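**Q** Have a look at the structure that comes next, please.
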Amino acid sequence: MADTAMPESADPADPDSSADPVPVTVPRPASAPEVPAIGTVEGDDPLDRAVWRLRSRGCWDDAAALLEPHAVRHAPSALRRAALLVERCVFTATGWAEAEDALRGAEALAGDDDERGGAACERGHLAYAATVLGVRDRADEARSALGRAAALLAPAAAGRPLLDFRRGLMAEHVADSPDSARAAYRRAHAGATAHGDHLLLSFTWRQLAGLALRDGELAEARHGFAESLRIREELGFLIGTAPALAALADAAPEADADRLRAEAARLFRLMGGVPTWLADHLSTTVTAT
């Protein structure tokens, strides 16, 4: 996928973009169901800035509480609040009932195709998270909801890149279809670039790099993981920085990998053991430090 988000570099997910790749055996990256919710780095509105600051530090309950008064009758606020609580489930594997309640409220208020499509996208993502985190197999529900979102959201809709990304996650982590996942991630990357969604770009870079690592394309993987980490650090997305460090460590030379994992472990402890799914990947480092 050629676009301006990948300057002076090959596509991290294109096996033909590197000359004469050397097959190697590499570990899977610190893969996980982490996904951005609707809305990323917010604008000049004080409420938007406050919600972003809380969300970026993993304070989803507090961020959702700021939106609660507006979510009673305002469909976009209701959807945004539901998305925050769904994201909390993804990162902590807790709060499922609260997310379901918020999502039902957003679905009830949705008044047009974009709002209904956004709610369906969140519904599908919540079901996906429950499936991959081993809470309950809701894969069929996730497919149905994401398919409904695809029917509702126009190709140029603001929510379409996030939907493409989440369909990529389903393809990779549920259907075990890396080729389909790569195509979806590329669409999401192009859409995020077009919409200026830098946080989503940090996720598309990461997932494309994970597929490159899976194929033994170490240089491409390092580049993608480094871009993901750079964006998250620039945005101040603290809750997502430890996973980005751990993922880059999987593609880095041994000396750099130890340093990156140590920093990831430090941030993981600082964030109170969130995201929870990173614990196993860092268990050796966490114990050692």
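The values are calculated or read from the model by the stated rules, or taken from the named source; none is laboratory data. Bear in mind the structure is a predicted one, so any value in this text is a computation, not a measurement. Cβ placement follows ideal geometry from the backbone for every residue including glycine, while neighbour counts extend to all protein chains displayed. These accessible areas exclude ligands, DNA and RNA; they are computed on the full protein's heavy atoms, side chains included. Shrake-Rupley method; radii C 1.70, N 1.55, O 1.52, S 1.80 Å.
**Q** Mean shadow of the stretch 53-154, computed from the convex hull of its alpha carbons, in nm²?
**A** About 6.1 nm², averaged over all directions.
**Q** How would you classify the stretch 139-247 from its alpha-carbon gyration tensor, with a ≥ b ≥ c the square roots of the eigenvalues: rounded for a/c under 1.5, else prolate if a/b is greater than b/c, otherwise oblate?
**A** Taking the square roots of the gyration eigenvalues as a ≥ b ≥ c, the stretch 139-247 is oblate.
**Q** Name the long-range amide H neighbours of residue 58: under 5 Å, sequence gap of 5 or more, or other chain; modelled H, no Pro or chain starts.
**A** For residue 58, the qualifying residues are 239.
**Q** In debye, nearest 20: dipole of the stretch 156-289 around its Cα centre with unit charges on the Cβ of K, R (+) and D, E (-)?
**A** Once rounded to the nearest 20, the dipole reads 380 debye.
**Q** Could you tell me which residue out of 196, 229, 251 lies farthest along the dipole of the stretch 181-289 toward its positive end? Charges go on the beta carbon: Lys and Arg +1, Asp and Glu -1, centred on the Cα centre.
**A** Selected residue: 196.
**Q** How much of the accessible area of the stretch 112-164, in percent, comes from carbon and sulfur atoms when a 1.4 Å probe is used?
**A** It is 50 percent, rounded to a whole number.
**Q** Here is a follow-up. Looking at the stretch 214-289, what % of the alpha carbon pairs are farther apart than 22 Å?
**A** Above the 22 Å cut-off, the stretch 214-289 has 18 percent of its Cα pairs.
**Q** Can you tell me the Rg and Dmax of the stretch 213-252, counting just the alpha carbons, in angstroms?
**A** 10.1, 31
**Q** A further question follows. Per residue, how much accessible surface does the stretch 174-255 expose to a 1.4 Å probe? Answer in Å², no decimals.
**A** 32
**Q** Here's another thing I want to ask about it. So for the pair residue 72, residue 49, with labels modelled 7 Å out along Cα→Cβ, what separation do we get in nm?
**A** The answer from the label model is 2.7 nm.
**Q** Rounded to whole Hz and in sequence order, give me ³J(HN,Hα) for the stretch 187-192 from the Karplus expression 6.51 cos²θ - 1.76 cosθ + 1.60, θ = phi - 60°, writing x for Gly and Pro.
**A** 4, 5, 5, 5, x, 5
**Q** Which one, 105, 82, 163, is farthest towards the positive end of the dipole of the stretch 32-172 when Lys and Arg carry +1 and Asp and Glu -1 on their Cβ?
**A** 163
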